[in-house]
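The values are calculated or read from the model by the stated rules, or taken from the named source; none is laboratory data. Quick caveat: nothing in here was measured; it's all calculated off a predicted structure. Every residue, glycine as well, gets a Cβ built from its backbone with ideal geometry; the counts of neighbours run over all protein chains shown.
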Amino acid sequence: MKSEIQNRRQFLTKTGKAGIALATMPLLTKMTSSALLNNGSDYTQQPLPYAYIALEPFIDAMTMEIHYTKHAATYAKNLADACVAEKVDTASTSLTVLLKSISKYSAKMRNNAGGHYNHELFWQLMKPSPSTAPTGPLADAITKTFGSFADFQKAFGEAAKTRFGSGWAWLLVKADGTLAVSSTPNQDNPLMDIAELQGTPLLGLDVWEHAYYLKYQNKRPDYINAWWNIVNWEFVQKRYAEAFSK
Ligand code: MN3
């Protein structure tokens, strides 16, 4: 594993080169330029955007600490190892691009690329004392698709409750621009080319027991119901807007 300083140096070097490349190649597509500018940071665990205790009483501090420093950190480490073993150039291949062709890689890559992406997203999808419901275009799309916000919560909660064993529940935007709710096993997600329902994940809920067992034990439905109190809808709205700008 590279140190943070090495990563920063690499980032500065790459950004500098990319800047020159972009200046001399004005016809580059947006996708190519963003690939050039990818510094591999989406492969490394980012700082948690709040304290372990911040989401109490809905998620307890000990669960957050173990979840972030042990479970999620391990996915990031194993992803780095898999990228070395399977010769993925993380400087030129974004994690999203990798996930979209995950069927070409090993089970280790699938589990850890998914595990890392899902957790990095999950931390940002939560915040203390958020607004209680979405507004704007996302709110309109949810009402159009599910009937009401309450009906959406019911459908999402059902996907989360009925996921057998470990996995995730999702709200996603499909390629045709419409919303859907799904669930995936293990650390799979809707970006993967092996997912039953594919699209851009907007909202995801971790229903592995490690995400809730210390506080909720076997009562997964109580964890799901409590989780709505900490969903960062501003962030989800931003993801929804971005899904249409790509
Ligand atoms: Mn987890």
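Details
- Residue ID - surrounded by the fewest Cβ atoms within 10 Å (Cβ to Cβ), chosen from residues in the stretch 95-118 that are away from the ligand (no atom under 16 Å from the Cβ) and of a type in the set (Lys, Arg): Lys104
- Filtered residues of the stretch 69-100 (kept if touching a Gly at 6+ places or on another chain (Cβ under 9 Å) and acidic (Asp, Glu)): Asp89
- Taken over the stretch 131-178, the criterion of being out of contact with any strand residue (DSSP E or B) (no Cβ under 6 Å at 6 or more places or on another chain), not in a helix (DSSP H, G or I) and not polar (S, T, N, Q) is satisfied by Ala133, Pro134, Gly147, Phe164, Gly165, Ala175, Asp176, Gly177.
- Residue ID - nearest to the ligand (Cβ to nearest atom), chosen from residues in the stretch 160-214 that are buried (at least 22 other Cβ atoms within 10 Å of the Cβ) and more than 23 Å from Leu98 (Cα to Cα): Ala211
- The listed residue being over 17 Å from Tyr223 (Cβ atoms), within 16 Å of the ligand (Cβ to nearest atom) and modelled with pLDDT of 95 or more, out of Lys70, Lys87: Lys70
- Number of residues in the stretch 40-62 that are out of contact with any His (no Cβ under 8 Å at 6 or more places or on another chain), assigned to a helix (DSSP H, G or I) and of a type in the set (Ser, Thr, Tyr) equals 2.
- Condition met for Lys219 (away from the ligand (no atom under 16 Å from the Cβ), farther than 28 Å from Lys104 by Cβ and loosely packed, with under 14 Cβ neighbours inside 10 Å): yes
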